[in-house]
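Notes for the one structure printed next.
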Amino acid sequence: MNGNLFRAKALAGEIVRGLSVNPVRECEVVLLPTFVHLTTAKRLASGTDIAIGSQDLDERNEGAVTGGISASILKDAGCSFALCGHSERRTLFAENDNQVASKFAAAIDAGLIPILCLGETLAERERGKTADVVFAQLDAVVQRVGFKGFSRAVLAYEPIWAIGTGQSATPEQVEEVHASLRERLAKGSSEVAESIRILYGGSVRVDNALRLFANENVDGGLIGGAALDSESFLKICHKADATVC
Ligand code: PGA
């Protein structure tokens with residue numbers, strides 16, 4: 001919930017221009033502005049390979065849901081991706097694993113690619129519960145859509161203690177969780193486990209992106225604060241392009 005129309009336009013425009021001058025070769029770039037700025041970002045990115053996604057969606061299709069934004073409305077606005085279960089949605093809006101699973105299913109049904117966010121609190125990590133927490137978050141969605149439901153989906157591991165704190169997880173911590181998520185998916189579908197992209201998010205910056213992305217099981221990043229500055233976001237895109245794809 002950063003900025004305003006003026007800044008959203010400037011930021012998306014700078015990213016579009018930056019990538020047209022110095023394109024990424026392999027990796028995919030997705031911009032996830034606020035709902036209100038989606039169509040502006042879409043217009044600025046038209047004719048490029050940059051995709052647009054939402055930061056959330058309502059799990060219902062349509063009807064009397066005042067203030068809700070459905071997956072089909074997002075499709076209309078030009079989205080091809082939708083974040084599901086970002087930790088701020090889970091904590092500030094009390095979204096539970098079941099509701100996140102419904103959002104994920106609604107995104108798939110509408111032809112959007114869901115980006116499912118998973119992650120533990122610092123207290124959970126310190127109690128040695130990281131795997132339990134992310135598996136429970138993943139399993140709730142597997143129960144709803146099956147393993148095959150992940151064939152057009154993206155995972156984003158985002159430890160809550162690393163989001164917006166400046167304290168990224170270490171490459172080893174990230175790799176451990178990513179590998180375990182892939183293993184978990186492999187129990188149901190080796191095809192899905194191999195092909196799914198698992199992003200890392202949480203204080204990714206220009207200076208740590210390469211080390212994080214260089215891990216075998218890290219397929220990209222979900223960038224928050226560093227994406228509010230086009231120059232740093234563009235540099236991070238190029239680090240991803242050099243390592244993960
Ligand atoms: P950050 O945010 O990169 O600022 O830590 C990540 C996020 O908002 O998901």
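Go through the residues of region 110-121 one by one and say whether even a single one is more than 15 Å from the ligand (Cβ to nearest atom) and β-branched (Val, Ile, Thr).
Looking through region 110-121, at least one residue is more than 15 Å from the ligand (Cβ to nearest atom) and β-branched (Val, Ile, Thr).
Restricting to region 15-45, what's the tally of residues that are under 27 Å from Ala242 (Cβ atoms) and over 19 Å from the mean Cα position of the chain (by Cα)? Walk me through it before giving the result.
Just the residues of region 15-45 that are under 27 Å from Ala242 (Cβ atoms), to begin with: 15-33, 41, 44-45.
Next, only the ones that are over 19 Å from the mean Cα position of the chain (by Cα) stay: 16-23, 25, 44.
Selection size over region 15-45: 10.
When the residues of region 186-236 are narrowed to those that are in a helix (DSSP H, G or I) and in contact with a strand residue (DSSP E or B) (Cβ under 8 Å, 6 or more places away or on another chain), which ends up farthest from the ligand (Cβ to nearest atom)?
Phe213
Of (1) of a type in the set (Val, Ile, Thr); (2) closer than 18 Å to Leu181 by Cβ; (3) open to solvent by 10 Å² or more (accessible area, probe 1.4 Å), Thr91 satisfies all except one. Which?
(2)
Within region 150-185, which residues are of a type in the set (Ser, Thr, Tyr) and either within 16 Å of the ligand (Cβ to nearest atom) or within 14 Å of Cys117 (Cβ to Cβ) (or both)? Before you say what the answer is, go through the steps one by one.
Residues of region 150-185 of a type in the set (Ser, Thr, Tyr): 151, 157, 165, 168, 170, 180.
Scanning region 150-185 gives Tyr157, Thr165, Ser168, Thr170.
So for region 185-202 (the condition being small (Gly, Ala, Ser), farther than 19 Å from Lys148 by Cα and either modelled with pLDDT of 95 or more or open to solvent by 10 Å² or more (accessible area, probe 1.4 Å) (or both)), does at least one residue qualify?
Of region 185-202, the ones small (Gly, Ala, Ser) are 186, 188-190, 193, 195, 201-202.
Right, trim to farther than 19 Å from Lys148 by Cα and you get 201-202.
Narrowing further to those that are either modelled with pLDDT of 95 or more or open to solvent by 10 Å² or more (accessible area, probe 1.4 Å) (or both): 201-202.
Checked region 185-202: at least one residue is small (Gly, Ala, Ser), farther than 19 Å from Lys148 by Cα and either modelled with pLDDT of 95 or more or open to solvent by 10 Å² or more (accessible area, probe 1.4 Å) (or both).
Please list, ordered by first then second residue, the pairs with beta carbon atoms under 7 Å, 6 or more apart or interchain, first in region 114-135 and of a type in the set (Phe, Trp, Tyr), second surrounded by fewer than 23 Cβ atoms within 10 Å (Cβ to Cβ).
The qualifying pairs are Phe135/Arg184.
For region 60-88, give me the residue count where each residue is of a type in the set (Gly, Ala, Ser) and open to solvent by 80 Å² or more (accessible area, probe 1.4 Å).
So the first thing to find is which residues in region 60-88 are of a type in the set (Gly, Ala, Ser), and the list is 63-64, 67-68, 70-72, 77-78, 80, 82, 85, 87.
Now drop any that are not open to solvent by 80 Å² or more (accessible area, probe 1.4 Å), which leaves 64.
Of the residues in that region, 1 qualify.
I'm trying to understand the selection: among the residues of region 1-40, which are closer than 13 Å to Phe233 by Cα and in a helix (DSSP H, G or I)?
Leu11, Ala12, Gly13, Glu14, Ile15, Val16, Arg17, Gly18, Leu19
Can you tell me how many residues within region 75-101 are within 16 Å of the ligand (Cβ to nearest atom) and aliphatic (A, V, I, L, M)?
Just the residues of region 75-101 that are within 16 Å of the ligand (Cβ to nearest atom), to begin with: 81-93, 95, 100.
Add one more test, that the residue is aliphatic (A, V, I, L, M), and what stays is 82-83, 92, 100.
Summing the residues that are within 16 Å of the ligand (Cβ to nearest atom) and aliphatic (A, V, I, L, M) in region 75-101 gives 4.
For Val142, indicate whether it is crowded, with 17+ Cβ neighbours inside 10 Å, without any contact (Cβ under 8 Å) to a residue 24 or more places away in the chain and of a type in the set (Val, Ile, Thr). Steps first, answer last, please.
On the way: crowded, with 17+ Cβ neighbours inside 10 Å: yes; without any contact (Cβ under 8 Å) to a residue 24 or more places away in the chain: no; of a type in the set (Val, Ile, Thr): yes.
No.
Quick one: in region 211-223, of everything that is under 19 Å from Leu31 (Cβ atoms) and in contact with an Asp or Glu (Cβ under 9 Å, 6 or more places away or on another chain), which residue is surrounded by the fewest Cβ atoms within 10 Å (Cβ to Cβ)? Break it down into steps so the answer makes sense when it comes.
Going through region 211-223, the residues under 19 Å from Leu31 (Cβ atoms) turn out to be 213, 219-223.
The next check asks that each one be in contact with an Asp or Glu (Cβ under 9 Å, 6 or more places away or on another chain); those that pass are 213, 220, 222.
Values: Phe213: 25, Gly220: 26, Leu222: 22.
Restricting to residues being under 19 Å from Leu31 (Cβ atoms) and in contact with an Asp or Glu (Cβ under 9 Å, 6 or more places away or on another chain), the top hit is Leu222.
Each row is one residue, and each column tells you yes or no for (1) open to solvent by less than 30 Å² (accessible area, probe 1.4 Å); (2) farther than 16 Å from Arg184 by Cα; (3) more than 18 Å from the chain's Cα centre (by Cα); (4) modelled with pLDDT under 95.
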| residue | (1), (2), (3), (4) |
| --- | --- |
| Asn96 | no, yes, no, no |
| Phe104 | yes, yes, no, no |
| Ile115 | yes, yes, no, no |
| Thr130 | yes, no, yes, no |
| Phe150 | yes, no, no, no |
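The values are calculated or read from the model by the stated rules, or taken from the named source; none is laboratory data. Quick caveat: nothing in here was measured; it's all calculated off a predicted structure. Note that each Cβ is placed from the backbone with ideal geometry, even for glycine, and that neighbours are counted across all protein chains shown. Just the protein is used for accessible areas: all its heavy atoms, side chains included, with ligands, DNA and RNA removed. Shrake-Rupley method; radii C 1.70, N 1.55, O 1.52, S 1.80 Å.
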